[in-house]
Amino acid sequence: MRLVQGNEAVVWGALASGCNFYAGYPITPATEIMEYMARLLPGRGGVFIQMEDELAALGAVIGAAWGGMRGMTATSGPGFSLMQEHIGYAAMSQTPCVVVDSQRVGPSTGQPTMPAQGDVMQARWGSHGDRPALVVTASSVKEVYDTTRLSFEWAYAYRVPVIILLDAVLSHMRENIELPVLPASAELASPSGDPELPFGSHPFMPFSAATRTIVSGLAHDESGATRGSGIGTANEQILKGAIRQIENDAPRLARCRADRLEDAEWAIVSYGITARTARSAVDLLRADGVRVGLLELHTLWPFPEQIVQALAQRVRGMLMAELNLGQLVLSLRAAAQGMCPVSGLGRADGELFTPEAIAAAMSAEIRQIEVGGRMSHHV
Amino acid sequence: MSDVGADLKRYLRSPMMPTVWCPGCGHGNIARAIATALDRLAIDLGQVVILGGIGCSGRTPFYFNTNAMHTTHGRVLAFATGLKLANPRLTLIVAMGDGDALAIGAGHFVHAARRNIDLTVILYNNSIYGMTGGQQAPTTPFSFRSTTSPFGSIEPTFDAVDLALAAGATYVARTTTFDFAEMPELISEAIRHPGFAMVEILSQCPTYFGRLNKLGDAPDMLEYERDHTVVADEEPNQAVEITRQDLVGNLPVGVFRREIRPEYVQQYAELSRGRGGNYGA
């Protein structure tokens, strides 16, 4: 056991997953990820490079992937906004990579050292056009490690840029965890596939003497050709296929933790650092005899609709607590399909919630629903 | 040219022909010069990657029988940097346009040059944004017209050679599509050069730059290139001075720098070995 910082846990998780390429640009509160990589990668035979901006950082990671290395970058809000162009390019070119966004208060420079969860929609919908998205988060240092490992696995399984959302507190928090011993250097399986079909549902094949792949952000078909009257349809099919594959696997991808929901009449739904506070809010409410539980989301996209629907059918109301002014609550409400009332509790002032504030919001919702219920009964 | 012809076809990706380039465009001449250089150097095509950004020049990667990356506007050198570091055995040829390299991508251009990473930039300079229909570029000469400088440009002209020299590029050359024999020579030399090499090639755009500025058709524009350049090698002391003057009048061409300086990937390999790593081994 040793004390590990959240940002450090990203690095250990990445190295354990065979990550051997890091390109980045300094930004609070993600910088330590880059600093650890700068120290560790040269001695492991991997590549570390500090680029001239965040666009360049993700561009280099994408180039490295086609050169046969396993790459990642990390940033925060302003850098994440800049990276959107290349997140779109990675999605369009089906290039596996991992992007960490340690969220801080925005928009713009905002509060660089203070936590937020305001990038959850940008992580899903950022970059123009439609794209498949895999976005994960964590609420403890151990989970940061596990989530990073999972992200590399998924990036290669689905050929997408996987986005890990942390926040300023989780990045800088230290907790005692057991870190596994790293192999001396990454042993990566050599890719196999048909050099004539480098895109679509086919496996990712970096450039080699056997390939003549054209990688492009232009609409293309499975062979990489960008011309012909059917190219729009062919490209749409690739995108639809990638999106459908993630939708089909959504039950497997939907990582979450149910806490005291077995007998719950009410549910708090939360994620990331806010889920820790929500856990304490459940303690407070349970002590008052309120039958409440917590659904903590680890996978944010694809949004775990089936889990939410099953929960909405059996509770009387749900509350989403998040560090923004109302983002993921929209998806929660849509998934609940009116089966139970859904309210949101948000803030974007750089402070975390207190357990009391979340408990109070849940109590207020309960009162409102019960009063509403009695009134409708009287009518 | 004696060494062009059927043999060059093996360097090209025939299903992608014809190119998107307009009749008379100089970019096809440059692509041919690249194929000629590859032929002379006898490099295994499986070890070559041709990369491009966005714009007319950016289409170059599609036309070669190599692995290829057609990337984002201005940012191709970021992709190239990652690719070269991941696989140093590859020979990278990067096609950039003047807007691509000197406007939206200027930040990436100077840092790739500063690192002296081993790749070759072919800067296709047609003095205008061709793909979007003839807008002003940083290289549009002062007083010349474009669709976004309809009354003549009031901006100073950007000199790619000056920028490359200042940023630390170790091989810097400029020629024109008129110099049909010199193009493949300079490109070959740039590819062999162990560091960041840039060859800027003035290329004619009769469709937009020529038409908007009444410079005639492609042959007229080639003659214009001939008549408005001076060979820097013959007047080495004047070269730098001239580039800072009106570029329309006396644009120097030739090789401006050949220098051997530590190359980035080699530097990184040494760093890795020093830390007990096996990078590049």
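No value in this document is a laboratory result; all are computed from the given coordinates. Keep in mind the model is a prediction, meaning the values are calculated, not measured. Here the Cβ is made from the backbone with ideal geometry for all residues, glycine too, and neighbour counts use every protein chain on show.
Some values worked out for this structure:
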{"item": "Kirkwood estimate for the protein assembly as shown, i.e. one over the average of 1/r between Cα atoms, Å", "result": "26.7 Å"}
{"item": "Separation of alpha-carbon centers, the range A:271-325 and the range A:1-42, rounded to whole Å", "result": "30 Å"}
{"item": "Straight-distance crosslink candidates among aspartates and glutamates, where the alpha carbon sits under 16 Å from A:Lys240 and sequence neighbours closer than 8 are dropped", "result": "A:Asp130, A:Asp221, A:Glu222, A:Asp249"}
{"item": "The range A:257-378: C-alpha gyration tensor shape, a/c 1.5 cut-off, then a/b vs b/c", "result": "rounded"}
{"item": "Helix B:106-115 vs. chain B, principal-axis angle (Cα, 0 to 90°, nearest 10)", "result": "40 degrees"}
{"item": "Gap separating the Cα centres of the range A:111-126 and the range B:122-138, nearest whole Å", "result": "37 Å"}
{"item": "Cα long-axis angle, helix B:218-227 against chain B (0 to 90 degrees, to the nearest 10)", "result": "80 degrees"}
{"item": "Considering only the range A:257-378, percent of DSSP beta bridges that pair antiparallel, nearest 5", "result": "15 percent"}
{"item": "Gain upon complete extension [A:Lys240, A:Glu356; 0.36 nm per residue less C-alpha separation]", "result": "37.3 nm"}
{"item": "Cross-link reach list, aspartates and glutamates versus A:Lys142, counting only Cα pairs under 19 Å and skipping chain neighbours closer than eight places", "result": "A:Glu8, A:Glu32, A:Asp101, A:Glu153, A:Asp167, A:Glu175, A:Glu178, A:Asp259, A:Glu296"}
{"item": "Anisotropy class of the range A:2-177 from Cα gyration tensor, a/c 1.5 cut", "result": "rounded"}
{"item": "Sparse-neighbourhood loop sites, GluC sites (Glu not before Pro) in the range A:234-341 - DSSP loop, at most 15 other Cβ within 10 angstrom", "result": "A:Glu262, A:Glu265"}
{"item": "Shielding by partners, peptide B:109-122 (average Cβ within 10 angstrom, other chains)", "result": "1"}
{"item": "Furthest towards positive pole of dipole, A:Gly118, A:Thr211, B:Leu186, structure part the protein assembly as shown, Cβ charges", "result": "A:Gly118"}
{"item": "DSSP-loop GluC sites (Glu not before Pro) across the range A:130-204, with at most 12 other Cβ within 10 angstrom", "result": "A:Glu178, A:Glu187, A:Glu196"}
